1. Based on alpha-carbon atoms only, what is the radius of gyration of region 2-116 relative to the globular estimate 2.2 N^0.38 Å?
2. Given only helices, namely DSSP H runs of n ≥ 4 each adding -39500 (n - 2.57), what is the per-residue ellipticity at 222 nm of the chain, to the nearest 500 deg cm²/dmol?
3. List the lysines whose Cα lies under 30 Å from the Cα of K385, skipping any in the same chain that are fewer than 8 positions away.
4. Kirkwood hydrodynamic radius, computed over distinct alpha-carbon pairs, for region 124-373: how many Å, to one decimal?
5. Calculate what fraction, in whole %, of the accessible area of the chain sits on carbon and sulfur atoms when a 1.4 Å probe is rolled over the protein chains.
6. With the cut-off at 1.5 for a/c, could you classify region 1-64 from its C-alpha gyration tensor as rounded, prolate or oblate?
7. Stokes-Einstein at 25 °C, 0.890 mPa s, Kirkwood radius from Cα pairs: D for region 143-208 in µm² s⁻¹?
8. Order the following by accessible area, largest value first: S47, S210. Probe radius 1.4 Å; ligands, DNA and RNA are ignored.
Amino acid sequence: MNVYDSQRMADVAGREGYEETTEVEDADLVILNTCHIRERASEKIFSELGKLRRLKAARARRGLATTLVVAGCVAQAEGEEIRRRQPAVDLVVGPQNYHRLPQLLRDRPQGAGAIETEFPVENKFDHLPPTPARTIRARGATAFVTVQEGCDKFCAFCVVPYTRGGEASRPLGAILDEIARLTGAGVGEITLIGQNVNAYRGRDAAGRESDLAALLAAAAEIPGVSRLRYATSHPNDMSDALIAAHRDNPKLAPYLHLPIQAGSDRILAAMNRKHRARDYLDIVARVRRARPDIALSSDFIVGFPGETDADFRDTLAVVREVGFASAYAFTYSPRPGTPAADRDGQVDDAVKTERLAELFALLDKQRLAFNRSLVGRRLDVLFDKPGRRVGQIVGRSPYMQSVYAEGDADGIGAMARVEIVGAAAISLTGRIVAPASCAEVQIA
Ligand code: SAH
Ligand code: SF4
């Protein structure tokens, strides 16, 4: 979501006359978009800000002004702290206030050291400028579209409900218009995103509620959409209709990122996840019945307060039972203001690290096995950039791996049928056998 948000902020700045640069030394405006989900991500910002302060001073000596903005969830949660620890910051702006950037940038003298972290009554999406077609083209063949933000679930470890606020869905029509703009400028693959994307409940023009399955069905009809994905989902919002969409929507990629977090029911209850391991396994079985070639991915937290070795073994057991194509795993990071942060039974860092290594070893093995199982199969790959070598291009498989193939740069931006000839830990190699037509997409 931060990738998407950064792009939308760049669009806003573009309207104000700024152009993007790859050299921070050249930037009159620097916006740091930040993540608060784990402590490591959050702490990085202060070291980055130290560097930017020196850069701002160096530019000032050359007579150049620099506006330094901190955006994102660290801005939301630690606005005062940022201002205190780094006075060189001109503006702190939370995720729900990006549409106010033009005014905040124009009012810079007043804005010096300002903090904008209220949850405004107006919806930022109604005020963000549309992305110009040439910018869309420059960003490549795949794009994110935020359809839902915020979360009402309050898992005991998570800052999202506090930093992004409660669940709010964008109207159906606004999302479909945004997708049409993207595909009109050459984007083929769209990932619908939200902190809890499968809780999507947007309204259509007649005011009726639409769920994610209906949104995906409508998006599939838009000319130029060749592949659809969605992330991230909560198990409790995997409705029958959404599972059926994996069977019925030909554009929907055979890939599902469905976080479980832990395999022990005791820990899941302590996390306030409101599902058991068995519920998750049932969903996986139903999704696999709907779409037998689906690949699964998940998120795991190890070392949540109170997690015993036996609890951790339950997580490994779930991983063995499901067989994941990929996954993200983290050690538990206590976040200020969340219920679990002050609980008894905090797990030693050394134990957390050991458990994480054991979990990674198992997940890595599964990922490699999955990648190897694709050798010899023909997959539709959306090529989106040049490869490391001349004459090579890289794209994404339906299952999210990077696929390297010999091919002309003209093939970038297009889908092609590729026979997989090699598999490594995180990528595949293949041979282009034919361009894929939209109708063939997903027929693996
Ligand atoms: N809405 C999604 C996840 C959003 S946060 C869901 O419900 O699953 C993305 C991931 O960050 C989470 O799935 C979780 O695995 C991880 N995460 C969140 N808070 C964390 C914390 N305090 N410590 C470690 N990992 C955390
Ligand atoms: Fe955080 Fe996801 Fe739980 Fe919401 S459902 S509180 S975003 S982990």
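1. This ratio for region 2-116 stands at 0.98.
2. -11000 deg cm²/dmol
3. Partners found: K44, K251, K365.
4. Answer for region 124-373: a Kirkwood hydrodynamic radius of 19.3 Å.
5. Taking all protein chains in place, the chain shows 51 percent carbon and sulfur surface.
6. Oblate, since a/c reaches 1.5 and b/c is not below a/b.
7. The Stokes-Einstein estimate is 191 µm²/s.
8. Greatest to least solvent exposure: S47, S210.
The values are calculated or read from the model by the stated rules, or taken from the named source; none is laboratory data. If you're wondering where the values come from, they're calculated on a predicted model, not measured in any experiment. Heads up, the Cβs are rebuilt from the backbone with ideal geometry, glycines too, and the neighbour counts pull from every protein chain shown. Ligands, DNA and RNA are excluded from the accessible area calculation, which covers all protein heavy atoms including side chains. Shrake-Rupley method; radii C 1.70, N 1.55, O 1.52, S 1.80 Å.
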